[in-house]
Amino acid sequence: MHDTDLFALQGKADEYSLAQHQPARKRNIEALVSFFRAGCKRDSRDVGIELEHFLVDGTGEPLSYSQPHGVRDILTGLSERYPQVTMHNGDILGVAKPGMNVTIEPAAQLELSAGPFCSLDTARRVFDEFESDVARELEPVSGKSLAIGYDPACRAVDKELIPKARYEFMNEYLSAISPWGPRMMRASASTQVSIDYRDEKDCVKKMRVASVLAPLFALVCDNAAVFEGGPRPHRLMRTEVWKYCDPDRCNTPPHVLDDDFGFESYAEYILDTPAIVRVDDADEAHYDPRTFGEIYANTPMNRANVEHALSMVFPDVRLKTYVEIRPADSMPTPYAIAYAALIKGLFYCDECLEALHASCENVTLEDIWRAKESLMENGYRGKAYGRNVDEICDEMFSLARRGLNAIAPHEKDYLEPLAKLVAARTTLADLS
């Protein structure tokens with residue numbers, strides 16, 4: 001018998017075992033796949049943008065959630081202009097208005113999730129409006145909103161968690177793995193861009209390309225010059241934070257580079273990930289380290305169960321009803337919009353996407369890991385996939401310009417803030 005036959009038999013045995021111990025597994029895979037299929041959009045070129053901020057007072061000290069004129073009071077003030085308020089046990093945890101959702105991360109990092117935007121002109125206006133609204137609320141403490149990748153002043157462990165059970169359970173679970181989980185939760189901030197997909201095939205292409213480009217996106221968007229209250233030990237600090245935070249739910253999605261990867265593969269990944277947090281029918285959170293497949297072994301998942309499970313994995317590229325690209329540090333608005341323009345040009349021009357997908361054909365998960373290591377150590381002098389990183393970045397921006405010229409010509413100018421950094425072989429972290 002050949003080795004390939006042995007692997008096939010082992011795979012069938014594993015499937016049989018799961019089916020025996022998780023009678024509802026097939027239905028739960030179907031629920032997840034159905035959720036992904038509901039995201040298919042035939043002609044969309046929209047982007048969603050999430051941008052996280054640290055709030056500090058006039059001395060540069062971070063604002064906690066509960067202190068006077070802290071983040072709780074900032075949210076309360078914002079609620080006059082963002083009247084859709086989210087409360088939990090008497091605490092305000094978010095505000096919103098159409099197209100703009102303001103929430104807080106575990107240590108009260110303030111996040112705006114906005115869009116979807118068919119035009120980057122609209123995106124720029126929305127984020128400028130938000131920055132102005134937050135600046136107004138920070139006036140009593142002469143404060144500032146900082147869009148940077150890592151807390152500029154404090155050690156993560158010294159920061160207060162917001163009053164949300166989910167984060168208490170995540171802190172307990174991730175702290176048992178390494179110090180990187182609490183650092184991710186309390187002291188990191190990102191820029192995330194989400195894109196639509198036409199169908200499963202298009203989704204797979206976009207996930208593969210984004211996964212391979214993730215180290216390069218992290219480099220051009222590197223904006224963390226300080227780590228744990230001192231100078232950073234190397235570049236791309238958030239890349240290291242995520243690398244070691246939790247191998248079960250971070251880094252490159254497993255099997256994304258396999259020929260047979262698709263919605264069902266990603267559904268299997270979700271079901272085989274430890275949950276950390278289980279949410280009951282009353283929307284109450286409970287600590288639960290079992291996998292989602294084990295939790296719902298006998299119970300078909302509903303939409304709320306699916307949405308929660310998808311939110312509890314943190315890979316470089318995450319699938320929901322859109323593809324969420326996550327490696328970039330938080331950056332000031334002009335750079336965040338430039339990053340969204342880069343993503344739009346690369347992923348919504350069919351010619352550009354096909355060229356990128358072809359270039360990913362022989363890349364492995366190990367290659368992505370090695371690229372991250374090289375870029376953390378060497379920056380633009382690093383190597384990725386057997387090539388000089390600076391040359392790849394030049395080509396990436398050239399391709400994005402070509403893509404934007406094909407789909408939204410006037411938006412090419414939005415690339416310039418990041419393009420200038422790449423041309424100078426520097427980053428926001430280097431400049432700061």
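Bear in mind that the values in this text are calculations on the coordinates, not laboratory data. Computed from a prediction, not measured in an experiment: that's the story for all the values here. All Cβ positions, glycine included, derive from the backbone under ideal geometry; neighbour counts span all protein chains shown.
Using C-alpha pairs under 8 Å with a sequence gap of at least 6, the mean separation divided by the residue count of segment 93-191 gives a relative contact order of 27 percent.
Each Lys or Arg adds one and each Asp or Glu takes one away; over the other residues whose Cβ falls under 13 Å from the Cβ of residue 290, this sums to -3.
Across the cross-link table entries 159/320; 320/412; 97/144; 164/344, which are compared at the Cα atoms, the separations over 32 Å belong to 164/344. With a cut-off of 11 Å on the backbone N, the residues of segment 101-115 near the modelled label site 7 Å out from residue 41 along Cα-Cβ are 115. Dimensions of segment 63-127 along the principal axes, based on C-alpha atoms and rounded to the nearest Å, stand at 38, 20, 18, largest first. Segment 301-321 and segment 259-281 have their alpha-carbon centroids 7 Å apart.
The sum of -39500 (n - 2.57) across all DSSP H runs of n ≥ 4, divided by the residue count of the chain, sets its helix-only mean residue ellipticity at 222 nm to -14500 deg cm²/dmol.
Over all other residues within a Cβ to Cβ distance under 10 Å of residue 274, the charged ones net out to -3, with Lys and Arg as +1 and Asp and Glu as -1. Projected onto its three principal axes, the C-alpha set of segment 90-222 covers 44, 40, 32 Å, listed from the longest axis down.
Give the relative contact order (percent, whole number) for the chain; include only Cα pairs under 8 Å separated by 6+ residues.
Normalised by residue count, the contact order of the chain is 20 percent.
Applying a 4.7 Å Cβ-Cβ cutoff to the chain, the cysteines left without a disulfide-compatible partner are 40, 118, 154, 203, 221, 245, 250, 360, 393. Remark on segment 21-125: hydrodynamic radius 16.5 angstrom, per the Kirkwood mean of 1/r across alpha carbon pairs. The convex hull defined by the C-alpha atoms of segment 217-338 has an orientation-averaged projected area of 10.0 nm².
Please give the Cα centre distance for segment 114-152 versus segment 173-209, rounded to the nearest Å. Cα centroid of segment 114-152 versus Cα centroid of segment 173-209: 22 Å apart. Quick note on segment 321-393: its Rg to Rh ratio, both from C-alpha atoms and Rh being the Kirkwood radius, is 0.98.
Across the chain, how large is the tail of the calculated P(r) beyond 31 Å, expressed as a percent of all Cα pairs? It works out to 40 percent of all Cα pairs. Identify all aspartates and glutamates with a Cα-Cα distance to residue 383 below 16 Å; exclude those on the same chain that are fewer than 8 residues away in sequence. Hits, sequence-local ones excluded: 366, 367, 373, 391, 394, 395. Binning the alpha carbon pair distances of segment 153-228 at 10 angstrom intervals from zero yields the distribution 15, 33, 30, 20, 2, expressed in whole percent. With the simple model of a label 7 Å out from the Cα in the direction of the Cβ, residue 378 to residue 26 spans 5.1 nm. Length gained on full extension, residue 80 to residue 355, computed as 0.36 nm times the residue gap minus the Cα-Cα distance: 94.3 nm. Compactness ratio for segment 248-315: Cα radius of gyration over 2.2 N^0.38 Å (N = residue count) comes to 1.12. Over 21 Å apart at the Cα level, from the set 206/372; 41/201; 26/243, are 26/243.
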